[in-house]
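Visitor: Got a structure here, written out as C-alpha cells. Questions coming.
The values are calculated or read from the model by the stated rules, or taken from the named source; none is laboratory data. Quick caveat, the model's predicted, so the values are computed rather than measured. Here the Cβ is made from the backbone with ideal geometry for all residues, glycine too, and neighbour counts use every protein chain on show.
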Amino acid sequence: MPSFVHAGTQWALKHMPLTTAAVEETAPLLAGRRLAMCLHVEPKTAALVTLLARAGVEVTLTGSPGTTHDDVADALRALGVRVHTRRADDDAAHARNVVQVLECEPDLTLDNGADLTLSLLGSGAPAGYLGGTEETTTGGVRLREKSVGHPVVVINDSRLKLLVENEFGVGQSVVQGFLNATNLMVPGMRAAVLGYGPCGKGVADTLARLGARVSVCDTDPMRALQAILDGHRVGPAPEVLAGAQAVFTATGAPGVLGEAELAALSDGAVVAGVGHFAWEIDADALRAATVRTVEYGEPGRRTGHVLAGGREVVILDRGRMLNLTAANGNSIQAMDLGLTLQVRSLAAVAAGGLATGVQPVPGPVEQRIAADLVARLR
Ligand SMILES: NC(=O)c1ccc[n+]([C@@H]2O[C@H](COP(=O)([O-])OP(=O)(O)OC[C@H]3O[C@@H](n4cnc5c(N)ncnc54)[C@H](O)[C@@H]3O)[C@@H](O)[C@H]2O)c1
C-alpha cells in the first residue's frame, strides 16, 4: 500500500494513540473483513480508514451530505480505498452513494445516521453480515424503531462518548464553526440553544464561558433543570428565541424551528445547526414564511431569509452541522476517543457473542478505554 501523504491526516494520526492501539490489538479479528462505512470524510476519519486498511480491512466508504473534504476523499482513493462521496452531493446523491457502498457485500458496517444500516437491512443483509456500529443518537433512534436481527452497537449510548465528544468536543467545535462562518463577537452575544442534551449543553456552556448570555429550551424538565443549575436562562422556545442574536439547534428532532418559532425570532438572528440532520429547521415553514432570500457570500453559507414584515433570519450552511461545514469537526482527541469506541465495538461484533439487536457499547470495552484515557491525560 502506498504511504499516506495527506498532511491533515498525518497530523490527526499523530494525535490518535488510542485508535492506533485499538486497531493494532484488534487486527486479528478485523483483518480480511469487508467493512461498509459511513462517516464524515475528513482527516480523523481518514486516519481511522488508513489504520484499518493497513491492518488488512477492506473498507468501502461514504460520508454525509455537505461534510466531505474532497481532498481527503481523493487521498483515500489514492490509497486504494473505495470512496463514494463528494462535498457537492445532495440527499439524492447520498442515497446513491449508500447503494454503491453496500455493493461490497459487507461483513461489518460502521454507520453515522443509520442510512447505511437501514438500507442494508431493508434489502436483506448478505449471508456473511455479522452486524455493526452506529455513531449517532439520531441513528440509534431510527434503528430502535425497527427490529434488527444482528448486533448493532450504538456508540453514542456510551457515557464516555457523551462526555468527551458530544459535550466537550461539540461545544468547542460548533463555536469555532460559528466564529469561522460569521466573524461575529461572542462575548455579550445573546444566544439561544434549543436542546440541552450533551451537545446543546456543550455549546451553551462554551458560549457562556466566552461571555455570551445564553438561554436554553429543552422539553425534558430534567434537562431544563440542569441548564438552570448550570447558570443559563431557561424558558419555552418562543421566549428564549425572542431577542436572540444567534440560535443553535441541538435537539436532533425534526421541525423544532417551525412557524411559531420563526415568528419569534428577532431581525438579524443567525441560525446554526448542531444536530445530525438539518431537519431541525422546518423547511416548509421557512419557505412559506420567506418573502425573498439574500446570499451573503458563497450561496448557502449565510442565507438571509427576509420574512413578511421585513425581519431577516440568516441560516448558516443550510442548517447543517456547523462544526463540520465551517470548522474542522470535533477536536482530534475527542474523535480519537470516539473512533476507539468504534474499533473496539466492531471487534466485539466480529468476535461474536453479542446479543442481536441495538445495544450500547459493551461495559468492559467502555471501562477499558476510559482507563486508557485517564492514564494518558492525568
Ligand atoms: N455536530 C456534531 O458533531 C454532533 C456530534 C454528536 C451528536 N450530534 C447530534 O446532535 C444532536 C443532539 O445530540 P445529543 O447527544 O445532545 O442528544 P440528546 O437526545 O441527548 O439531546 C437532545 C435534547 O433535545 C431535547 N429536545 C427534543 N425535542 C425538543 C424540542 N422540540 N424543543 C426543545 N428541546 C427538545 C431533548 O429533550 C434532549 O434533551 C443529535 O442529532 C446528534 O446526532 C452532532
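Visitor: So, Leu61, is that one of a type in the set (A, V, I, L, M, F, W, C), at pLDDT 95 or above, part of a helix (DSSP H, G or I) and surrounded by 24 or more Cβ atoms within 10 Å (Cβ to Cβ) or not?
Guide: Spelling it out, it is not the case that Leu61 is of a type in the set (A, V, I, L, M, F, W, C), at pLDDT 95 or above, part of a helix (DSSP H, G or I) and surrounded by 24 or more Cβ atoms within 10 Å (Cβ to Cβ).
Visitor: Here is a follow-up. May I ask you to verify whether Lys44 is basic (Lys, Arg), over 18 Å from Gly357 (Cβ atoms) and either outside any strand (DSSP E or B) or more than 21 Å from the chain's Cα centre (by Cα) (or both)?
Guide: When the stated conditions are applied, Lys44 passes them.
Visitor: Could I ask something else about it? Evaluate the stretch 248-255: report whether one residue or more is closer than 24 Å to Leu184 by Cα, away from the ligand (no atom under 16 Å from the Cβ) and surrounded by 17 or more Cβ atoms within 10 Å (Cβ to Cβ).
Guide: There is no residue in the stretch 248-255 that is closer than 24 Å to Leu184 by Cα, away from the ligand (no atom under 16 Å from the Cβ) and surrounded by 17 or more Cβ atoms within 10 Å (Cβ to Cβ).
Visitor: Sort through Ala46, Ala7, Ala12 and tell me the only one that's loosely packed, with under 15 Cβ neighbours inside 10 Å and more than 21 Å from Ala348 (Cβ to Cβ).
Guide: Selected residue: Ala7, the only one of Ala46, Ala7, Ala12 that is loosely packed, with under 15 Cβ neighbours inside 10 Å and more than 21 Å from Ala348 (Cβ to Cβ).
Visitor: On to the next question. Identify all residues within the stretch 53-75 that are in contact with a strand residue (DSSP E or B) (Cβ under 9 Å, 6 or more places away or on another chain) and farther than 21 Å from Ser331 by Cβ; write none if there are none.
Guide: Ala53, Val57, Glu58, Val59, Thr60, Leu61, Thr62, Ala73, Asp74 - these are the residues of the stretch 53-75 that are in contact with a strand residue (DSSP E or B) (Cβ under 9 Å, 6 or more places away or on another chain) and farther than 21 Å from Ser331 by Cβ.
Visitor: Which residues, counting only those in the stretch 98-139, are without any contact (Cβ under 8 Å) to a residue 60 or more places away in the chain and of a type in the set (D, E, K, R)?
Guide: Result: Glu103, single match.
Visitor: Considering each residue of the stretch 231-267, count those that are within 25 Å of the chain's Cα centre (by Cα) and small (Gly, Ala, Ser), and give that number.
Guide: 8
Visitor: Now, a different point. Being more than 15 Å from the ligand (Cβ to nearest atom) and touching a helix residue (DSSP H, G or I) at 6+ places or on another chain (Cβ under 9 Å) narrows it down to one of Gly132, Gly124, Gly140, Gly113, so name that one.
Guide: Gly132
Visitor: Considering each residue of the stretch 325-378, count those that are hydrophobic (A, V, I, L, M, F, W, C), over 17 Å from Met16 (Cα atoms) and surrounded by fewer than 18 Cβ atoms within 10 Å (Cβ to Cβ), and give that number.
Guide: Residues of the stretch 325-378 that are hydrophobic (A, V, I, L, M, F, W, C), as a first pass: 326-327, 332, 334-335, 337, 339, 341, 343, 346-351, 354-355, 358, 361, 365, 369-371, 373-375, 377.
Now restrict to residues that are over 17 Å from Met16 (Cα atoms): 326-327, 346-351, 354-355, 358, 361, 365.
Okay, now just the ones that are also surrounded by fewer than 18 Cβ atoms within 10 Å (Cβ to Cβ), so 351, 355.
Number of matching residues: 2.
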